[in-house]
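Inspection log for the structure reproduced underneath, given as C-alpha cells.
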Amino acid sequence: MNTTLKHWREAATLILAAGHKLGADSLASRTPLTAAAASPLTGGQGRSQLPHKSCFDYDVLLLKRSSKSGFMPNACVFPGGLVHASDFSSEWLDVFKTFSKSPNFGLRSVTQPGDTRPPLFATDRLKLGSPIPGEVAFRICALRETFEECGVLLFVSKQEEKGLLNSIESRGAPEPEGPLHKANELCSRELNKWRDLVNQNPSNFIQMCRELEVLPNIWALHEWGNWLTPEGRYGVKRFDTAFFICCLQEIPPALQDDKEIVSVKWSTPSEVLQNYQAQEFWIAPPQVYEISRMCRLPLLNDLHNFSSRRATEGCEQLLPVLSSKDEHFTALLPGDRWYPSATSGEAASGTSSDPKLEDPQEEESSLHRIVTVDPYTITLQINITPKYNHLLPVLGQTFPYDSKSKL
C-alpha cells in the first residue's frame, strides 16, 4: 500500500455478475448491444434504449451500506474497500509460490503505455517495500473485501492449481475467453469461521488460504476501471479505487455482515437503473456510470468475453472535476472540452474554478460529464469515444436519487 499519498487512500472494488435462468418467453428478446454501441452519440443528448430486464441472463451484486457508515451511508455499492497492508505482504509469495516464476503471478500483461497508466497500477511497489505487484495486491484486496462483506469467496483449489499453471506456461496467461467461474464450494461452517476471523484481522486472509490450501482467484478478475473521489463531495475521505469485474456461472449464496453492510441485492443492470429512477435506493455516480456500461451487454457470455479481452488494453483514470452552474452541479470527466489539462495524479485536487460550460446542444463540443440537476436527479452527457476499447454507457433517461429510500 502507498502510505505516501496525501489526497487519496487506495482501494479496490469488484463488479460481480452472475448468471440466472431465463424464462422461455424472454429468449426472443435477448438481443445483445455489442461493440457498435461503443461509437460516439451525437451532441451528447442521444438516448440509447435500456434493454428490458428480461433481456439479461445475469444479475449484478449490490450491497447496501449501513446508515452509520462514515462514507456514503445508505448507498448501494459494489463489494470492496480499503487496501490493507497484508494485501501487499511478502507472505503471499509463499502462498503463490507455484506461480512465482510467472510475471505478476501469471496475470496477462496490459498493453497500455506506462506513461498513461493510472498511478494506482503504475507505481513501483518494490520501491515502497513490497514484492507484490499492484495488479496482484489490488485483486487480493477486492477478493478479501468481497468475502468480508458478503461471504462470497472466489478461489482456486489445489486440484485446479495444476491446470491453471499449465495454461499459463503454455499460453503465457490463462485463456482469455475461458469458461465462466464458480464461487465458494466450501462448507458454510468453514466459511463463516474464516469470515469472522478475516473481519477481525484482514491478515487472517493469508492464513485462511494456507490452511485451506486455496489461492485467491486473482485470474478471474479483469481490470475494468479506476475512479477517484473528487474533493468535498462525499466528506473528507477520498479514495483511489481499482474497479475489477468477474462473471460467475450462477448466483452464489451471499449474506450481509449486519455491520457495515445491511442488505444484499442481486438485480439485472437495467433493474438497478430503473429502481434507482423509481427512488427505491441510491447508487453513487460511478456505479451509475459502470452499470450503464454493462447495459450494452445483456448476455453473460458476451460480458465475460468482452471484459476478459478488453482488460489487457488497460483503463483510464477517472477523476471527476466538480463545477457548478446555476442550480446544476457538474462533474467533468477526462475528454470533456472543459476538463482541466493539468488534472492528473496526486497533484490533482478534483475541483474546478467554474469554467464557462458550453451549451450541451453545441455539436462541436466534446462532452464527458455527470450533471446533477437537483439533489434527486443526475444525467450522463457523453459524446466522446471511450478510451482503451471500453464501452460507452447507455445514457437512457435521467436517474433520480432519494437519500431516504430503502433497498
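The values are calculated or read from the model by the stated rules, or taken from the named source; none is laboratory data. Bear in mind that the values here come from a model prediction, so they are computed numbers and not experimental data. Quick reminder, even Gly has a Cβ in these numbers, built from the backbone with ideal geometry, and neighbours come from all protein chains shown. The protein model used for the area step is the full one, side chains on, heavy atoms only, and it has no ligands, DNA or RNA in it. Shrake-Rupley method; radii C 1.70, N 1.55, O 1.52, S 1.80 Å.
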Inset, instruction - Starting from the Cα of Asp115, step 7 Å along the direction of its Cβ; do the same at Leu255; then give the gap between the two resulting points in nm. - result: 5.3 nm
Inset, instruction - Arrange the residues Lys53, Lys68 by how much accessible surface each exposes, largest first, with a 1.4 angstrom probe. - result: Lys68, Lys53
Legend entry - 5 angstrom amide H check on Phe155, placed H, neighbours 5+ away: Asn217
Inset, instruction - Over 27 Å between C-alpha atoms is what I'm after, so list which of Lys182/Lys387; Lys64/Lys193; Lys162/Lys259; Lys265/Lys387 land there. - result: Lys182/Lys387; Lys162/Lys259; Lys265/Lys387
Inset, instruction - Compute the distance in nm between two label points, each set 7 Å from the Cα along the Cα-to-Cβ direction, one at Ser102 and one at Gln159. - result: 2.0 nm
Legend entry - Distance between modelled label sites at Glu91 and Leu212, nm, 7 Å Cα→Cβ extension: 1.6 nm
Inset, instruction - Find the eigenvalues of the gyration tensor of the Cα atoms of segment 73-127, then list the square roots of 5 times those eigenvalues as equivalent ellipsoid semi-axes, largest first, in whole angstrom. - result: 24, 19, 12
Legend entry - Length gained when the stretch His20-Lys193 is fully extended (0.36 nm per residue, less Cα-Cα span): 59.4 nm
Legend entry - Label point 7 Å beyond Cα of Lys68 along Cβ direction - residues of segment 235-274 with amide nitrogen under 18 Å: 256-264
Inset, instruction - Putting +1 on Lys and Arg Cβ atoms and -1 on Asp and Glu Cβ atoms, find which of Leu299, Trp219, Leu318 reaches farthest to the positive end of the dipole of segment 201-321. - result: Leu318
